[in-house]
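The values are calculated or read from the model by the stated rules, or taken from the named source; none is laboratory data. Keep in mind the model is a prediction, meaning the values are calculated, not measured. FYI the Cβ positions are ideal-geometry reconstructions off the backbone, even for glycines, and counts take in every protein chain you see. SASA here: full protein model, heavy atoms, side chains in, ligands and nucleic acids out. Shrake-Rupley method; radii C 1.70, N 1.55, O 1.52, S 1.80 Å.
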Amino acid sequence: MHLRKLPTSLFILLLTLAGCGVFGGDAERGRKIFSAEEPISAVNFACIECHAVEPDGATGFMGQNLANIANRAGSTVPGQSAETYLRIAILDPDAYLSGGYQEGIHPRTYADALSDRDVADLIAYLMTLRSGEDP
Ligand code: HEC
């Protein structure tokens, strides 16, 4: 009789996992974190302070315009998928220096400040940025 309950339990489990972002991040929440509507923490810069996300957006303080990042993330480092490239760009920014910037500018503190879910949500958001042209 336990088996008869299984499909319902499984369904609820899957729903819960989906809600936690296990099957992919929540792009809308990622947008909020990126733009500081949902602040990461008092000690960290918000992404938007350095990165513009509109094609003609004023460039941030110091960093690339990310309006088209979803289209180039998968072809920037050979062998790295877009998601892997973005994860490394956020958590271990000096591993690959994009845009000709020197190391140490991208904050190194996000690995401590962001939860796995935060990172998944940020990546889901970045994967929606496809303006079609790299500024
Ligand atoms: C203090 C400025 C600054 C902040 C804040 C910042 N970045 Fe960056 N970011 C940079 C710089 C500079 C680079 C280029 C050097 C490098 O690759 O580390 C970069 C590179 C990137 C790249 C790779 C861009 C490309 O064209 O390949 C991504 C993706 C990225 N940042 C995402 C983020 C996200 C998400 C956040 C917030 C959690 C963030 N950045 C916060 C400055 C910043």
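With all protein chains in place and a 1.4 Å probe, the accessible surface of region 25-126 carries 52 percent carbon and sulfur. Approximating the spin labels as points 7 Å out from Cα along Cα→Cβ, the Thr84-to-Met62 distance works out to 3.0 nm. In this label model, Lys32 and Ala95 are separated by 2.8 nm, measuring between points 7 Å along each Cα→Cβ vector.
Dipole magnitude for region 40-120: about 120 debye, using +1 per Lys or Arg Cβ and -1 per Asp or Glu Cβ, origin at the Cα centre. Our analysis of region 25-126 gives Rg over Rh at 0.92, with the two radii drawn from alpha carbon positions and Rh computed by the Kirkwood formula. Here the gap between Arg72 and Asp134, fully extended at 0.36 nm per residue and compared with their Cα-Cα distance, gives a gain of 21.5 nm. Evaluating 6.51 cos²θ - 1.76 cosθ + 1.60 at θ = phi - 60° for every residue in region 119-135, the Karplus couplings come out as 5, 4, 5, 4, 5, 4, 5, 4, 6, 8, 8, 9, 6, x, 9, 8, x Hz, glycine and proline recorded as x. Positive contributions from Lys and Arg (+1) and negative ones from Asp and Glu (-1), summed over other residues with Cβ under 9 Å from the Cβ of Ile123, come out at -1. Taking 1.002 mPa s as the viscosity and 20 °C as the temperature, the Stokes-Einstein diffusion coefficient of region 67-118 based on its alpha-carbon Kirkwood radius rounds to 183 µm²/s.
Applying a DSSP loop filter and a limit of 11 other Cβ atoms within 10 Å to the GluC sites (Glu not before Pro) in region 77-135 leaves Glu103, Glu133.
Using the Cβ-Cβ distance between Ala113 and Thr8 with R0 set to 22 Å, the FRET efficiency from 1/(1 + (r/R0)^6) comes to roughly 0.05.
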